[in-house]
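Here is the structure we will look at, set down as structure tokens.
The values are calculated or read from the model by the stated rules, or taken from the named source; none is laboratory data. Remember, it's a predicted structure, so these values are computed and weren't measured experimentally. No Cβ is skipped: glycine too gets one built from the backbone with ideal geometry, and neighbour counts run over all protein chains shown. SASA here: full protein model, heavy atoms, side chains in, ligands and nucleic acids out. Shrake-Rupley method; radii C 1.70, N 1.55, O 1.52, S 1.80 Å.
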Amino acid sequence: MYQDMYVEQSVHRYVPSVTKVLNILLIVATVIVAFQFVFVNYAIFGIPLVAMIIITYFVSQNAKMDFDYTYTNGLIEITRILRKNKRKDLVVCDMKDVVVVAKSKTDPVKPYIGRRMKTYDCTSHEEGVPYYTMIVRDDKTGTEIKILFEPGEEMLSVMHCISPDKVYI
């Protein structure tokens, strides 16, 4: 049914300036609490200092996010990579379960705009980069999942060859 095809693509999530400002504010607040801990009263500021260090670490590390899109013989896998070392499969679906793939906010996906459904945002969030919407139907639960992603031309053309009626380039 499917030809032997393999396409892989990686997308780096752009860190918005709001997150960068939040990281700087957390670092400054942690330094202030550390000075309070050292010079004022270590008994009162000990627990807040540890909490601030942990929060600052996790906020700064979770901002580093990448996505891998893999197409293998009709199987689409989207994986999230946190901190360049922790991988988690977000979506694994077969092309037969795909309802539609099209540029976001175009006619083929308009019926799905505003509908309440589970949504995975796997885009880079960079301005000017076009992204696509993929709707996948889960036959077991009868629900639909919306996936926002940025496939390359090669991945789109392979998907279009397999399902030209579902993939709009």
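Here is how the number arises for the chain: DSSP H runs of 4 or more residues each give -39500 (n - 2.57), the sum is divided by the residue count, and the result at 222 nm is -11000 deg cm²/dmol. Placing +1 on each Lys and Arg Cβ and -1 on each Asp and Glu Cβ, with no other charges, gives the chain a dipole about its Cα centre of roughly 720 debye. Principal-axis analysis of the Cα atoms of the chain puts helix 17-39 at an angle of about 20° to the longest axis. With the simple model of a label 7 Å out from the Cα in the direction of the Cβ, residue 119 to residue 27 spans 3.2 nm. Converting phi to 3J(HN,Hα) with the Karplus coefficients 6.51, -1.76 and 1.60 and the offset θ = phi - 60°, segment 61-71 yields 6, 6, 6, 8, 9, 10, 10, 10, 9, 10, 10 Hz in sequence order, with x at every glycine or proline. DSSP beta bridges in the chain, what fraction antiparallel, as a percent rounded to 5? Looking only at bridges with both residues in the chain, the antiparallel portion is about 85 percent.
Rounded, prolate or oblate: which fits segment 120-169, taking a ≥ b ≥ c as square roots of the Cα gyration tensor eigenvalues, rounded meaning a/c under 1.5, else prolate when a/b beats b/c? Oblate shape, in that a/c is at least 1.5 and b/c is the bigger or equal ratio. With a Förster radius of 25 Å, plug the Cβ-Cβ distance of residue 86 and residue 143 into 1/(1 + (r/R0)^6) and report the FRET value to the nearest 0.05. My answer for the efficiency is 0.40.
Normalised by 2.2 N^0.38 Å, where N is the number of residues, the alpha-carbon radius of gyration of the chain equals 1.37. In this model, which of 105/166; 64/88; 20/118; 118/140; 84/146; 88/166 are farther than 22 Å apart at the alpha-carbon? Beyond 22 Å between Cα atoms: 20/118; 84/146; 88/166. Between the residues 21, 32, 123, the greatest Cα displacement towards the positive end of the dipole of the chain, with unit charges on the Cβ of Lys, Arg, Asp and Glu, is found for 32.
Counting only protein chain heavy atoms and rolling a 1.4 Å probe, the accessible areas of 13, 87, 80, 115 rank, largest first, as 87, 115, 80, 13. In segment 84-126, the alpha-carbon atoms span a convex hull of 121 Å³ per residue.
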